[in-house]
1. On a 0 to 90° scale, report how tilted helix 189-201 is relative to the longest principal axis of the chain, with both axes built from alpha carbons and the result rounded to the nearest 10.
2. If each of Glu10 and Asp187 carries a label point 7 Å out from its Cα toward its Cβ, how far apart are those two points in nm?
3. Convex hull over the Cα atoms of the chain, averaged projected area in nm²?
4. Pairing the Cα long axis of helix 29-44 with the longest principal axis of the chain, what angle in degrees results, from 0 to 90 and rounded to the nearest 10?
5. What share of the DSSP beta bridges in the chain is antiparallel, in percent to the nearest 5?
6. I'd like the distance separating the alpha-carbon centroids of segment 192-262 and segment 79-128, in whole Å.
7. What relative contact order, as a whole-number percentage, does the chain give when Cα pairs under 8 Å and 6 or more residues apart are counted?
8. Given an 8 Å cut-off on Cα distances and at least 6 residues of separation, report the relative contact order of segment 169-262 as a percent.
Amino acid sequence: MAEPLLLQIEGPIATITFNRPERRNAITFDMWNHLQRLFVDVKENPQVRVVVLRGAGQEAFAAGADIGEFETYRNNAAKATLYNAAFDAAMDMAEAVGKPTICLIMGACVGGGCELSTACDLRIAADNARFGVPIARLGLPVGFREMRRMVRLIGHAKIMKLLPTAEIIPASEALRIGLVNHVVPLDQVADFAYTMARKIAALAPVVHRVHKEIVQTVLENPALAGLTPAQQALAVSPFDTEDFQEGWRAFLEKRPPQFRGY
């Protein structure tokens, strides 16, 4: 039996693949737990500088949680609380991985798959992609943490159209409302995403990590009130790294920088 989640590392790029094409890459309870562990693995791997998430095949990125498991894992509030803990942990780790994350989206990106994409940095969609969180059809709500991510990304008005209507929107509409960054023809989308991943990987990993931390701080504390000494020092911390010395010297010497991540 094929592994439902795959991790492949090629040079500085890690690819995590939802590998259940026969189920439109629906995500099981065990997969949420495994996904969290994979994010920990790539966070701790100094070789990895960018993480790409994708679904197997061209029909789905991920068609949400596996509804076939609901009787076992989500048929009452107590079980749903445990399920949501695994779901939230995977989402939180996607944000906390400290390395740029790119969702390469072909086909269906709905429910939990769509929510996961909002925890990542960039969303690159094929022109056959479809998006939505149609869980009002199933009688279950979006939780606080994923709601916060979606509202931050596309705003109150747009999310309050998407959720109550249980609407599935095409890639062109997802681009218009800011849910994705790029829409690319299906036969070109993988090349586009990995070209971007390689471009990001060639730049300073320390700065990518710092930028991600600063963005999260600004989102969670827009007034920047009560910043800790560590938070206040974050923006100047790269100046003490070898990568900073390499960066400015390479610029003056008119050569590509060779960043090492420290």
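All of the numbers you see were taken from the coordinates with simple rules; none came from a lab. What you see is a predicted model, and the numbers here were worked out from it, not measured in a lab. Every residue, glycine among them, receives a Cβ derived from its backbone with ideal geometry; neighbour counts consider all protein chains shown.
1. With both axes taken from Cα atoms, the answer is about 40 degrees.
2. 2.0 nm
3. Result: 15.6 nm².
4. Relative to the chain, helix 29-44 is tipped by roughly 0 degrees.
5. Around 25 percent of the beta bridges assigned by DSSP in the chain are antiparallel ones.
6. The two parts, judged by their Cα centres, are 23 Å apart.
7. RCO, the chain: 16 percent.
8. 27 percent
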